Amino acid sequence: MYKILVIEDEYGILEVIQAYLLKEGFEVYTAMTGKEAQRLFNQEQPDLVVLDLMLPDVSGEVLCQRFREVVNVPILMLTAKKEEADRINGLALGADDYVVKPFSTKELVMRIQAILRRTYKEVLSIKQTKSFNQEDLVIEVLERKVQKQGLEIELTKNEYDLLMTFVDYPSRTFTREQLIEATFGSDYAGYDRTVDVHIKNLRRKIETDIKEPVYIVTVYGVGYKFKGERDL
């Protein structure tokens with residue numbers, strides 16, 4: 001279970017973020033001041049920090065610098081500042097991502113999950129081997145190897161990373177934008193429709209019949225989801 005420290009001085013926003021993160025299974029700690037945030041940071045040693053830049057007693061930029069002096073914990077900044085220069089400054093301070101208010105809480109959670117996947121990739125992949133549909137599809141996670149019906153198949157980096165996003169979130173329906181965010185991060189330079197190309201190529205390699213896919217299925221009008229049955 002990952003520890004998330006949420007630092008936000010608006011109680012309503014803090015409460016909603018906490019509720020969503022708890023629902024996703026995270027252990028959540030909250031602070032409304034820089035002083036309380038520093039105490040919780042030192043005491044709980046969180047795996048990720050959600051940091052509002054506008055706090056009553058100390059700026060979020062100062063807190064970010066203090067945290068970075070202790071440990072290289074991933075930080076997602078929240079701010080009402082919309083100027084590009086502010087975003088660049090936040091990222092320059094060491095933030096892993098930057099979200100402008102008002103924001104979608106669901107998108108915020110997706111961004112947090114994406115950061116955790118990139119930062120703690122091996123830890124999130126608890127089992128080294130994942131197999132589906134009676135070993136029809138087998139993934140050797142740490143070796144980044146994939147087998148189809150006992151034969152190793154070659155996947156590009158993007159194809160493999162997309163596959164792992166689906167595997168890590170089984171049965172969850174993704175829009176194209178959510179797939180990009182969860183797989184490649186917010187700085188991805190490609191277009192959302194390039195995801196269709198990657199998925200088309202991925203299906204050719206892992207599906208027995210691409211006309212009747214059993215792993216990556218299309219949810220019409222929304223996006224895609226993974227339906228492979230995990231072997232025990």
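Exceeding 27 Å between C-alpha atoms, which entries from my cross-link table qualify? They are Lys3/Lys200; Lys145/Lys227; Lys101/Lys130; Lys148/Lys200; Lys3/Lys205; Lys101/Lys227. Spell out each step's value before the answer.
On the way: Lys3/Lys200 36 Å; Lys145/Lys227 20 Å; Lys101/Lys130 38 Å; Lys148/Lys200 16 Å; Lys3/Lys205 37 Å; Lys101/Lys227 34 Å.
Flagged as over cut-off: Lys3/Lys200; Lys101/Lys130; Lys3/Lys205; Lys101/Lys227.
Among (1) 19.4, 60; (2) 28.1, 117; (3) 16.2, 46, only one was calculated for this model; which label is it, if the read-out is Rg and Dmax of the Cα atoms in Å?
Working out Rg and Dmax of the Cα atoms in Å from the coordinates points to (1).
Against the 2.2 N^0.38 Å scaling, with N counting residues, where does the stretch 1-84 land? I'd like the Cα-based Rg ratio to two decimal places.
Rounded to two decimals, the normalised Rg is 1.01.
What is the distance in Å between the Cα centroid of the stretch 156-232 and that of the stretch 34-81?
34
Take each of the peptides 46-54, 169-177, average the number of other beta-carbon atoms within 10 Å over its residues, and list them starting from the highest. Let's see the in-between values first.
Details: 46-54: 22.6, 169-177: 15.0.
Top to bottom by mean Cβ count within 10 Å: 46-54, 169-177.
Note down the relative contact order for the chain as a percent, whole number, built from C-alpha pairs under 8 angstrom at least six residues apart.
13
For the chain, what is the mean residue ellipticity at 222 nm derived from helices alone (per DSSP H run of n ≥ 4: -39500 (n - 2.57); sum divided by total residues; nearest 500 deg cm²/dmol)?
Helix contribution divided over all residues of the chain: -12500 deg cm²/dmol.
Using only the Cα atoms of the stretch 126-232, build the gyration tensor, take square roots of its eigenvalues as a ≥ b ≥ c, and label the shape rounded, prolate or oblate: rounded if a/c is under 1.5, else prolate if a/b is larger than b/c, else oblate. It would help to have the intermediate numbers written out before the result.
Details: a/c = 1.61, a/b = 1.38, b/c = 1.17.
It comes out prolate by the Cα gyration axes.
Working from Cα positions, state the angle (0 to 90°, nearest 10) between the long axis of helix 157-168 and the longest principal axis of the chain.
With rounding to tens, the tilt is 80 degrees.
Ranking request for peptides 139-150, 196-207: highest mean number of other beta-carbon atoms within 10 Å first, then the rest in descending order.
Most protected by this proxy first, the peptides run 196-207, 139-150.
Working out 0.36 nm times the residue gap between Glu177 and Val62, then minus their Cα-Cα distance, what length gain in nm do you get to one decimal?
38.2 nm
Rule-based calculations on the coordinates, nothing more; no lab input. Since we're looking at a predicted model, the values are computed, not measured. Counting neighbours? That spans all protein chains shown, and the Cβs are built from the backbone with ideal geometry, glycine included.
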